[in-house]
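The values are calculated or read from the model by the stated rules, or taken from the named source; none is laboratory data. Since we're looking at a predicted model, the values are computed, not measured. Backbone-built Cβ (ideal geometry, glycine too); neighbour counts: all protein chains shown. Remember, those area values only see protein heavy atoms, side chains included, never the ligands or the DNA or RNA. Shrake-Rupley method; radii C 1.70, N 1.55, O 1.52, S 1.80 Å.
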Amino acid sequence: MNMSRMPTLFLSHGSPMHALDPGGAGAAWQAIAASLAKPRAVVMASAHWETSLPMLSGRAQLETIHDFGGFPAELYEVRYDAPGSPGVAQRAMDLLRAAGHAPSLNSCRGIDHGAWVPLKWMYPARDVPVVQLSLQTALGTAHHLQLGEALAPLADEGVLIIGSGHVTHNLRDWFAHHADPQPLPYVVQFSRWLQQQLEGNDREALLNYRERGPGATRAHPTEEHFLPLLVALGAAGADARATLVHEAIDGAALSMDAYRFD
């Protein structure tokens, strides 16, 4: 592997409140960024942008989207108006098109909390341009692995590809159990199953996680928080090695695990 190649990352981004109270996740995001060469740009596939066909943010300057409700007023004052990179967006478009996808540029959309909450701690100076990539949840797991595979050349060009979602994401369980002292058993079981499949690079199992993973449909009642993982995995290359770089459970139900792929 090219020694100058960037790894790819999967981050469980957690509640937007991590922007104010970073906790262990914020410290992990800072440490991850410190362990890497500074990227030329970040391409971020966030669970919070879903479209019917792939879209990339094409703006030269992104504005912060507060895409949530019911939080303290001070959270809505937090801004992460990162620069964009129309050049990297166009390069990603070309790679996706060459792989048979039908991408387009969005020159209006800003940066959602799935992206800016971790990036606020990774690159607080807002000096790394960001391009967001949308998900196509209806197209399933294999499609998202293929999106990542198409974008893999960017990692050789100084671009850090990040999938931002969650290892487990059942908000109903989180609201019901967030004060419980112990994690729900399925959260631990699914998280450890996922670690085993990633470390063994069993992509067939990962593509069929809803049938293979213990408690998978409870861990992911909907798929948008799992699919960014497959983008990051695909972009890392067929022989990528997965490393668990942060392990935690928030409020009994949300696994905050993060992975690096080299």
Heavy atoms only, probe 1.4 Å: what % of the accessible area of region 108-193 goes to carbon and sulfur, would you let me know? 61
Over region 110-262, calculate the relative contact order: mean separation of alpha carbon pairs under 8 Å at least 6 apart, over the residue count, as a percent. 35
Computed, not fitted: 222 nm per-residue ellipticity of the chain from DSSP H runs ≥ 4 (each -39500 (n - 2.57)), nearest 500, equal to -10000 deg cm²/dmol
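Percent of alpha carbon pairs in region 83-147 separated by more than 14 Å?
64
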Of every Cα-Cα pair in region 64-209, the percent that sits beyond 26 Å: 40
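With every protein chain kept in place and ligands, DNA and RNA left out, what is the accessible area per residue of region 95-248? Probe 1.4 Å, answer in Å².
Normalised by residue count, the accessible surface of region 95-248 is 39 Å².
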Evaluate the relative contact order of region 53-174 (contact order divided by residue number), counting alpha-carbon pairs under 8 angstrom at least 6 apart; express in whole percent. 34
D_trans [Stokes-Einstein, Kirkwood Rh over alpha-carbon pairs] for region 20-131, 37 °C, 0.692 mPa s, µm² s⁻¹: 220
Which whole-number value in Å³ per residue fits the convex hull of the alpha carbons of the chain? 114
The answer for the per residue Cα convex hull volume of region 129-217, in Å³, is 146
Could you give the distance between the Cα centres of region 14-61 and region 178-244, to the whole Å? 19
Can you tell me the accessible area per residue over region 1-59, all protein chains present, probe 1.4 angstrom, in square angstrom? 39
Over the heavy atoms of GLU204, what accessible area does a 1.4 Å probe trace out, to the nearest 10 Å²? 120
19 Å cut-off, amide nitrogen to a point 7 angstrom out along GLU77 Cα→Cβ, residues in region 1-33: 16-22
Can you give me the solvent accessible area of PHE71 with a 1.4 Å probe, rounded to the nearest 10 Å²? 70
